[in-house]
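Remarks on the structure that follows.
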Amino acid sequence: MSDSEGYDSDDYPSIRGSDSEDEESGSSGNEDVLNTSNNDHLANDHGNDDESDSSELHEGVEESDSSEDEVIPRNTVGDVPLEWYRDEKHIGYDITGKKIKKKEKEDKLQSFLASADDSKNWRKIYDEYNDEDVELTKEDIKSISRLLEGKAPHRDFDPYAPYVDWFKWDDSKHPLSNAPEPKRRFIPSKSESKLVNKIKLAIRKGLIKPKKSKEEEEEEESVYPLWGDDSNSMGKNDHLSYIPAPKPKLPGHEESFNPSLEYIPTQEEINSYQLMYEEDRPKFIPKRFTSMRSIPAYENAVKECFERCLDLYLCPRVRKKRLNIDPESLKPKLPNRNDLKPYPVSCYLEYRGHGDAVTSISVEASGQWIASGSLDGTVRIWEVETGRCLKHWKIGEAVKYVSWNPNPEHSILAVSAGQDVLLLNTGRGNEEVQKSTKELLLVEMPMPDDSGKTASSVSWLQDDELEGIRLRHSKTVTSVEWHRKGDYLSTVMPAGESRAIFIHKLSKKFTQTLSFKLQGPAVTSVFHPTRSFFFISTKKIIRVYDLVKEGKLVKKLETGLREISSIAVHPSGDHIIVGSGEGKLCWFDMDLSSKPYKTLKLHQKDINNVSFHRSYPLFATCSDDCTAYVFHGMVYSDLNQNPLIVPLEILRGHSSTNGRGVMDCKFHPRQPWLFTAGADSVVRLYCH
């Protein structure tokens, strides 16, 4: 043993004994120790007694007069963690090696009440190293606040002190460089001028864009393309943005090896799966096994893994921007149906008597009577309010179309059956009406016309049996329409090719052929309600001619439909609705364009007829799906306001016969009532 070792052991027996005790009772651990800057100053008063005790142990040590000895830290354990003293009664050792005992723990409630009464409690910090509370001074708080702000702790510190050049001074006799200024500093550089010219040219070409101001950048950030394509913006980046792979669907309860009975399909359901298409058929059918050991290997494991790898490798991924839009905001704001009343809602009356499908109906101008034609070869006249059959004719052929003369002074009904068009006296009205009707239905010998416009394919014949006139055509007539004055009548003969449209003048018993180049078979024809226009429709196109200007083509409407079945003109004459054989309805605005303003997909089957109401803003469609749709169609005189189209009601009641449903529909001229003719040989009246 060396002398130093012996000296240490003799002079400091207490330290060695305490260290050995600490080694035996020490435990592993590490804890952060909070050291305050002023703990030494505040601990002087507490350490006076300990210093007196330590002076007795070390009599040979003389007291020093230096300021360093006066400010002595109490605890001298150094970096020894305080966790080692957790089970001891002392917390460390002072400078003399004497144990520093722990304070008695105070009651938490009393300490809380004492801290609540103490106004300076917020300044106190617990010093775990010396087991005491330290009160911070104002200078300490200012230093801490400056450190939190990222500044120097001392207020007198200047972070922006002036720079001192230690290698240059005013009275220097020997500077580092005393060379004269070079000439190149006073002459403009040619290389720099070339570089400036290149930059100017690049700015003019747009290769270099000048930096925008903050105001322009804010405007660009505030305005962005709402419906823009994100793919273009992604392509401008030099790098590929990360797009996560789609996650596979996680298995559920039905894919368990022992699912509950509600997930296991019955044998009938399994058989119904075989009748489905392969796309709609479920890929996994749940099965039940008694144990995990009885589960067979999955058949498509390798195949699905391979397809999954192909999806991850070859699937073209596109980043799509989701728009958080409320679906309710996309719906058009339509008025309430109760505010649009009256309109037909329910069936009020049925007219029965025909033996076969009713193909056409027509309402008299006053609204008291209705005429109907059927495939059984009969035409009947009904009283609207009572449903009584007032008169009927046996034509002998299937009736295609019936149309009542709109002039109330003439009680005439036009009926198309086969190649003939019959003009019949209905017998309705007073004596004056009957007298004028009988005079019109008398056929005399036609006078020769030098103009050569008389159609030789149409002959006017007197029919004494039916008490009317028979117009004999060369082909089958499918449509008959009256002019608003009641003196002109148009007939459509689709198989007539260039001679398919005829206009007959009843007062002169004269027929004129309209030889238009229709480029297809004619379907139907309609007179304009107020002007001298004439509408002729083929299967895909509607042409508008001016009869006063010798049949000049005014407009050509392109429907875009597969086959037109019927057309109807609004009472104002500026709007047209077109029904098609594919269940679609087109609305045309004559003042806007030759393309349809609206195209509505309504019925599942062919639309047979469309109709406008004369006075109410209503229009209706009927189809072979045994339904009739009623719409509110308001037309405004202001050209800046579009027509308002609102679906109101779906009328049902007819039954399907031989694949046909509702054959025709017509509105009452004065009331918001709708008449429908069905293939079930019934005519129905729907009222409000």
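Taking the simple approach of a point 7 Å from Cα along Cα-to-Cβ for both TYR160 and LYS205, what is their distance in nm?
4.4 nm
Tell me, how many Å apart are the Cα centres for the stretch 616-688 and for the stretch 491-531?
Here the two parts' Cα centres lie 27 Å apart.
With θ set to phi - 60°, apply the Karplus curve 6.51 cos²θ - 1.76 cosθ + 1.60 along the stretch 113-127 and write out the HN-Hα couplings as whole Hz, x wherever there is a Gly or Pro.
5, 5, 5, 5, 7, 7, 6, 9, 5, 5, 8, 7, 10, 7, 9
Take the alpha carbon gyration tensor of the stretch 566-625, find the square roots of its eigenvalues, order them as a ≥ b ≥ c, and report rounded if a/c is under 1.5; if not, report prolate when a/b exceeds b/c, else oblate.
Details: a/c = 2.52, a/b = 1.36, b/c = 1.85.
Judged from the Cα gyration tensor, the stretch 566-625 comes out oblate (a/c at least 1.5, b/c at or above a/b).
Quick check: residue separation of LYS283 and GLU135 times 0.36 nm, minus the Cα distance between them. What number comes out in nm? Can you show the working numbers first?
Numbers: separation 148, 0.36 × 148 = 53.28 nm, distance 7.54 nm.
Taking 0.36 nm per residue and subtracting the Cα distance, the gain is 45.7 nm.
Along Cα→Cβ, 7 Å out, is where each label goes; now give me the distance between the ones at GLU83 and TYR298 in nm to one decimal.
Roughly 4.8 nm, to one decimal.
Read phi for every residue in the stretch 590-602 and hand back ³J(HN,Hα) as whole Hz from Karplus 6.51 cos²θ - 1.76 cosθ + 1.60, θ = phi - 60°, with x for Gly and Pro.
Once θ is set to phi - 60°, the couplings for the stretch 590-602 become 5, 7, 9, 8, 8, 8, x, 6, 9, 10, 10, 8, 10 Hz.
Can you run phi through the Karplus equation (6.51, -1.76, 1.60; θ = phi - 60°) for the stretch 322-328 and list ³J(HN,Hα) in whole Hz, with x for Gly and Pro?
Each residue of the stretch 322-328 in turn: 7, 10, 7, 10, 6, x, 5 Hz.
So, R0 is 56 Å and r is the distance between the beta-carbons of LYS438 and LYS331; what FRET efficiency does that work out to, to 0.05?
The formula returns an efficiency of 0.45 here.
Quick one: net charge around GLY581, please, counting Lys, Arg +1 and Asp, Glu -1 for every other residue with C-beta under 14 Å from its C-beta. Mind dumping the intermediate values first?
Details: positive: LYS539, LYS540, ARG562, LYS584, LYS601, LYS605, ARG660; negative: GLU563, GLU582, ASP606, ASP624, ASP625.
So the surrounding residues net to +2.
Reachable lysines from LYS151, Cα under 18 Å, same-chain residues fewer than 8 places away excluded?
Straight-distance partners of LYS151: LYS138, LYS142.
Within straight cross-link reach of LYS283, meaning Cα distance under 25 Å, which lysines are found once same-chain residues fewer than 8 apart are removed?
LYS247, LYS249, LYS303
Taking a cut-off of 30 Å between Cα atoms, list the lysines near LYS183, but don't count ones fewer than 8 places away on the same chain.
Here the lysines satisfying the reach criterion relative to LYS183 are LYS168, LYS173, LYS194, LYS198, LYS200.
DSSP loop trypsin sites (Lys or Arg not before Pro) in the stretch 73-135 with at most 15 other Cβ atoms within 10 Å of their Cβ, which ones? All intermediate terms of the calculation are to be shown ahead of the outcome.
On the way: sites: ARG74, ARG86, LYS89, LYS98, LYS99, LYS101, LYS102, LYS103, LYS105, LYS108, LYS120, ARG123, LYS124; in loops: ARG74, ARG86, LYS89, LYS98, LYS102, LYS103, LYS105, LYS120.
Those that pass, being in a loop and sparsely packed, are ARG86, LYS89, LYS102, LYS103, LYS105, LYS120.
Quick one: which residues, 5+ away or cross-chain, put their amide H under 5 Å from the amide H of ASP664? H built at 1.01 Å from N.
ALA677
Read-outs throughout are calculated quantities, based only on the coordinates presented, and are distinct from any laboratory measurement. This structure is a prediction, so every number in the text was calculated from the model and none was measured. A quick note on method: Cβ atoms are made from the backbone with ideal geometry, for glycine too, and the neighbour counts reach across all protein chains shown.
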